[in-house]
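What follows is a single structure, written as structure tokens, with notes after it.
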Amino acid sequence: MKHNWRRVAAGAAVVMLGLALSACLLTPGRFTSALDLRRDGRFSFTYSGEIRMLALSKLAEKAQAEKNAFTPSDCFDENMAKRPCKATELAEQRKTWDDERKASADRRARESEQMKALLGGIDPSSPAAAEELATRLRRQAGWKSVIYKGDGLYVVDFSLSGRLDHDFAFPTIERFPMANPFIQLTRRADGSVRVDAPGFGPASGAGNPFTAMMSGAMSEMGGAAGKAPALPTFDGTFTITTDGQVLANNTDEGPQPDPAGQRLAWVLNARSAAAPTALVRLGQ
């Protein structure tokens, strides 16, 4: 019974991890990021460091792993003492395993098509997928350098400047119908700009609402099938400089003097209390 429970738990964990990977495509690793906002509407944003594409990582491989050999579960008598399994019991276990394997294969086929749609046609199971994504990023404005390091990890250098006559989000990827943003700039009618950095939030909360699901799933997988894969490291800094009026922010120290006007700074890791947020009034 214990082994049957573990088999069920491991199967449920794989499903949970697959859902989490689908919902949270990108996550920051070690990074430095900065945003500069000018009262006349000019802005510049930089991100230098790691980005992990979870769909190309060992986490995804774990979610797609298949048990290739049938291993019978233990059988017990009415006193819960282990005993040899009967032929009929072994046959029933084997049938259940075959049914689960077929259902798992069907589920993986569906999830593969869904993931390809989320990745703009890129097949994450293809050996060429990682470089195909890197090539797609390199041809977009702002991506100065994109280097693939393996296990879904990219080291990037992004820098973009412009005018805030529109909202802004990072990262965006060509042909991706959706990508969870690390940072969002939202213009308001009164001339202020709201800065939200949900992707820079704590690993257990605001930055990634699916991390708790992933952690629980991997814990079950580790208990049921050996060592679970580790979550990516999250460690970075985010700084805002501006000559505008800082109306609100959630830094520990508030606005500090800076040659560029004022500075807001966050040191970010898994222990951070909340995702960075600020409200800055621009205009003459």
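The values are calculated or read from the model by the stated rules, or taken from the named source; none is laboratory data. Just so you know, these numbers come straight off a predicted model, no measurement behind them. Don't worry about glycine lacking a Cβ; one is built from the backbone with ideal geometry, like all the others, and counts go over all protein chains shown.
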Fill in the blank from the handout: Filter the stretch 133-163 for residues that are surrounded by fewer than 16 Cβ atoms within 10 Å (Cβ to Cβ) and in a helix (DSSP H, G or I); the one that is modelled with the highest pLDDT is Arg138
Completion exercise
Filtering the stretch 134-151 down to residues that are closer than 18 Å to Phe31 by Cβ and aliphatic (A, V, I, L, M) yields Ala134, Leu137, Val146, Ile147
Problem - Selection status of Lys67, surrounded by 18 or more Cβ atoms within 10 Å (Cβ to Cβ), at pLDDT below 90 and farther than 30 Å from Asp167 by Cα - result: no
Practice task
For residues that are at pLDDT 50 or above and in contact with a strand residue (DSSP E or B) (Cβ under 8 Å, 6 or more places away or on another chain), tally how many sit in the stretch 1-38.
Solution key: 14
Problem - Complete set of residues in the stretch 258-284 that are surrounded by fewer than 17 Cβ atoms within 10 Å (Cβ to Cβ) and of a type in the set (Gly, Ala, Ser) - result: Ala260, Ala270, Ala273, Ala274, Gly283
Problem - Residue that is nearest to the chain's Cα centre (by Cα), among those in the stretch 242-273 that are touching a residue at least 40 places away in the same chain (Cβ under 8 Å) and farther than 17 Å from Phe31 by Cα - result: Ala273
